[in-house]
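> Before anything else, here's the structure in question.
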Amino acid sequence: MDIAVNVRQHDGQRPCKVVDLNGEIDVYTSPKVKEALTGLIDAGHYDLVINLENVRYIDSTGLGVLIGSLKRVREHAGTVNLVCTNPQIKKIFDITGLVKIFGIYDTEAAACENL
Amino acid sequence: MDIAVNVRQHDGQRPCKVVDLNGEIDVYTSPKVKEALTGLIDAGHYDLVINLENVRYIDSTGLGVLIGSLKRVREHAGTVNLVCTNPQIKKIFDITGLVKIFGIYDTEAAACENL
Amino acid sequence: MRESVASAAVASDGVVELRIPSRAEWVGVARLAVAGIASRLQFSIDDIEDLKLAVAEACTNCIQHATGSDAIIIACRILPDRLTISVTDHGRGTSPEALAPKRPGDQQVGGLGVFLIRSLMDEVEYEVDPQTGTCLRMTKYLRS
Amino acid sequence: MRESVASAAVASDGVVELRIPSRAEWVGVARLAVAGIASRLQFSIDDIEDLKLAVAEACTNCIQHATGSDAIIIACRILPDRLTISVTDHGRGTSPEALAPKRPGDQQVGGLGVFLIRSLMDEVEYEVDPQTGTCLRMTKYLRS
Ligand SMILES: Nc1ncnc2c1ncn2[C@@H]1O[C@H](COP(=O)(O)OP(=O)(O)O)[C@@H](O)[C@H]1O
Ligand SMILES: Nc1ncnc2c1ncn2[C@@H]1O[C@H](COP(=O)(O)OP(=O)(O)O)[C@@H](O)[C@H]1O
């Protein structure tokens, strides 16, 4: 019922920060995710890949944090791509229409290449 | 929160039935375990190896079923050996003193050989 | 391996009730309990995930919006063909419009909770009293 | 990764309460809920297993011995240094001797439940009323 956040540098065609999330993102844990993403954006990192492969659960507060981050980086011509393979979590992005505003990829490589 | 029971024949020095239990043994599931063990004993199988390696949880009703089976096979000069490596479950056999009445082994091979 | 106990539970008028403080750290316990109840009733893994999310969204709304409520009561009623879950708080209620069915706006940070609840459950009903609080009753049917 | 919320919970007088029908199939839900609560409070994995077993033994006794009780109430009180769980039924009570501390007899099929509860928890107290039922209050301290 907790979340672990880990940030890595990815030096590809277009360098970016990769944020690994591991656990469950809910009303209790999403402030920790928000803090990490806000920290990166405040430090000038506007291209982000958020890896949700090890996220077993996400609710609307988690979605809100992702949407908020996307809006902020877009003000700086940046973008947020997601890595997600869990069908239940994909379903939530589908239902809410968020598939249309996020780039969602099956692999981290694809998410980084398509920034 | 459920239990799966599977019975295999073991043809060693002393042939026996090996009972694989997988899941949790509690007041809800122990009747199913009892039924399986009673069935074997009624059919004349008095040497039993009960493999608890995939048992994540056992309570006093589960212990009661094991003790009841041991008492019944002993009336026919049989015995019940257990395979158990889970430290939490070993601890319960320790606390209750059941380590003294059951043969408890780390491997199925050892449990079968020592019947 | 999973055996249905729905019919047995009905006989004893099966209600499982959980009461948690209206605080973010206890929503995970509500999710766990609901997952346990739903798996006893032979709901599919997908349906269990839907139930967990719907209950969590309801609890999150109590915590974030039900001003003055210190507890959340989650009552699960087990019927042979369905599970009805009510989530009740005793805080300040909202207007019916806030809870009405609607599609979420594009790129809007909030406003997804009620939409998700309505999407994931088969029947959803809000009872709002500005004085005594909000009661959300939602049902999911067992697919057979 | 696990963060203690004990101190925060005290401020709001944290009590998590679960009510289940007095039936074997719901004991697993009680175990899950207690495991969730205990893991929020930074109990070790071993201590969480102890708590699950103690609560399950208490529920099993309500189901098997508390004649006339149709529900079990499990109340978890969260304090900074301990978790106190009460398990209450409203069935026929037993004699204090049945619940007194004693070692289990050799090769006896029953009689392990109360012994395990007393072994696994730090403090155990029974309150028995033949008319109104049995309340077991048990405490485990957080090891620091
Ligand atoms: N239990 C509740 N008590 C009071 N107001 C509520 C409750 N549940 C929902 N609401 C209202 O409904 C609105 C919509 O909720 P929701 O769709 O979850 O979006 P959000 O919580 O992001 O605003 C909330 O903003 C709030 O005004
Ligand atoms: N909640 C309860 N209501 C009535 N009697 C109880 C309750 N809990 C325990 N008892 C009594 O205490 C005795 C000892 O319980 P226990 O050690 O669990 O062994 P067992 O359940 O196998 O008899 C029971 O036989 C019963 O008489």
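Here, each number is a calculation from the coordinates, and none is a lab measurement. Since the model is a prediction, treat every value here as computed from it, not as a measurement. All Cβ positions, glycine included, derive from the backbone under ideal geometry; neighbour counts span all protein chains shown.
> Which lysines, if any, have their Cα less than 24 Å from the Cα of B:Lys17, not counting same-chain residues under 8 positions apart?
Partners found: B:Lys32, B:Lys34, B:Lys71, B:Lys90, B:Lys100.
> I've got another one for you. Go ahead and estimate [θ] at 222 nm for chain C from helices alone: -39,500 (n - 2.57) per DSSP H run with n ≥ 4, summed, over the residue count, rounded to 500.
One gets -11000 deg cm²/dmol as the mean residue ellipticity at 222 nm.
> Here is a further query. Along the charge dipole of chain B, Cβ charges K/R +1 and D/E -1, which of B:Gly97, B:Ile25, B:Asn54 sits furthest on the positive end?
Comparing the listed Cα positions along the dipole, B:Gly97 ranks first.
> Which of the peptides A:31-39, B:102-110, C:51-59 is most tightly packed, and how do the rest follow, going by the mean number of other Cβ atoms within 10 Å of each residue?
C:51-59, A:31-39, B:102-110
> Let me ask something else. Could you tell me, in Å, what Rg and Dmax come out for the Cα atoms of the protein assembly as shown?
25.6, 81
> Sticking with this structure for a sec: Of the listed peptides B:82-88, B:45-51, what is their order by residue-averaged count of other C-beta atoms within 10 Å, with the highest listed first? All intermediate terms of the calculation are to be shown ahead of the outcome.
On the way: B:82-88: 18.0, B:45-51: 22.1.
Taking the mean over residues of other Cβ atoms within 10 Å, the ranking is B:45-51, B:82-88.
> Please give the average number of partner chain Cβ atoms lying within 10 Å of the Cβ of each residue in A:96-105, rounded to a whole number.
Shielding by partners across A:96-105 averages 2.
> Straight-line reach from D:Lys52: which aspartates and glutamates have Cα under 13 Å away, leaving out those fewer than 8 places along the same chain?
Here the aspartates and glutamates satisfying the reach criterion relative to D:Lys52 are B:Glu24, B:Asp26, B:Asp59.
> Using the Kyte-Doolittle scale, find the helices of chain B whose mean hydropathy is at least 0.5 and whose Cα atoms extend 20 Å or more along the helix's long axis, counting only whole DSSP H runs.
Long hydrophobic helices here: B:60-74.
> In degrees between 0 and 90, to the nearest 10, how far off the longest principal axis of chain D does helix D:27-40 point, with axes built from Cα atoms?
Helix D:27-40 sits at roughly 30 degrees to that axis.
> With both partners inside chain A, how many of the DSSP beta bridges are antiparallel, as a percent to the nearest 5?
Rounded to the nearest five, the antiparallel share is 35 percent.
> Could the peptides C:77-86, C:17-26 be put in order, highest first, of the mean number of other beta-carbon atoms found within 10 Å of their residues?
My ranking of the peptides, most packed first, is C:17-26, C:77-86.
> Per residue, how much space in cubic angstrom lies within the convex hull of the C-alpha atoms of region B:1-87? Please list the in-between numbers first.
Details: hull volume 7.5 nm³, N = 87.
Output value, Cα hull per residue: 86 Å³.
> A further question follows. With the Cα gyration tensor of region C:41-118 giving a ≥ b ≥ c as the square roots of its eigenvalues, does the rule (a/c under 1.5 for rounded; else a/b larger than b/c for prolate; else oblate) give rounded, prolate or oblate?
oblate
> Also, I was wondering about something else. Could you give, in nm with one decimal, how far D:Asp46 is from each other copy of that position, shortest first, with labels 7 Å out from Cα toward Cβ?
4.4
> Given the options B:Leu21, B:Leu70, B:Leu98, state which has the largest fluctuation in a GNM of chain B using a 10 Å cut-off (strictly under) for Cα springs.
Highest fluctuation of the listed residues: B:Leu98.
> Okay, helix-only estimate at 222 nm for chain B: each DSSP H run of n ≥ 4 adds -39500 (n - 2.57), divide by all residues, round to 500 deg cm²/dmol; what do you get? Could you put the intermediate results ahead of the total?
Numbers: 4 runs with 43 residues, N = 115.
Helix-only estimate at 222 nm: -11000 deg cm²/dmol.
> Now, a different point. Could you pull the copy-to-copy label distances for D:Tyr141, with points set 7 Å along Cα to Cβ, in nm to one decimal and sorted shortest first?
When each copy's label point is compared with this one, the spacings are 5.6 nm.
> From the backbone phi of region D:57-65, what are the Karplus-calculated ³J(HN,Hα) couplings (6.51 cos²θ - 1.76 cosθ + 1.60, θ = phi - 60°) in whole Hz, Gly and Pro given as x?
5, 5, 5, 4, 5, 4, 5, 8, 10
> Treating the point 7 Å from Cα along Cα-beta-carbon as the label, what are the nm separations from D:Gly111 to the other copies, to one decimal?
Label-point distances to the other copies, shortest first: 6.8 nm.
> So how far apart, in nm, are the two label points at A:Glu113 and D:Arg92 if each is 7 Å from Cα heading toward Cβ?
7.4 nm
> Within 10 Å of each Cβ of D:36-45, how many other protein chain Cβ atoms are there on average?
That works out to 3 on average.
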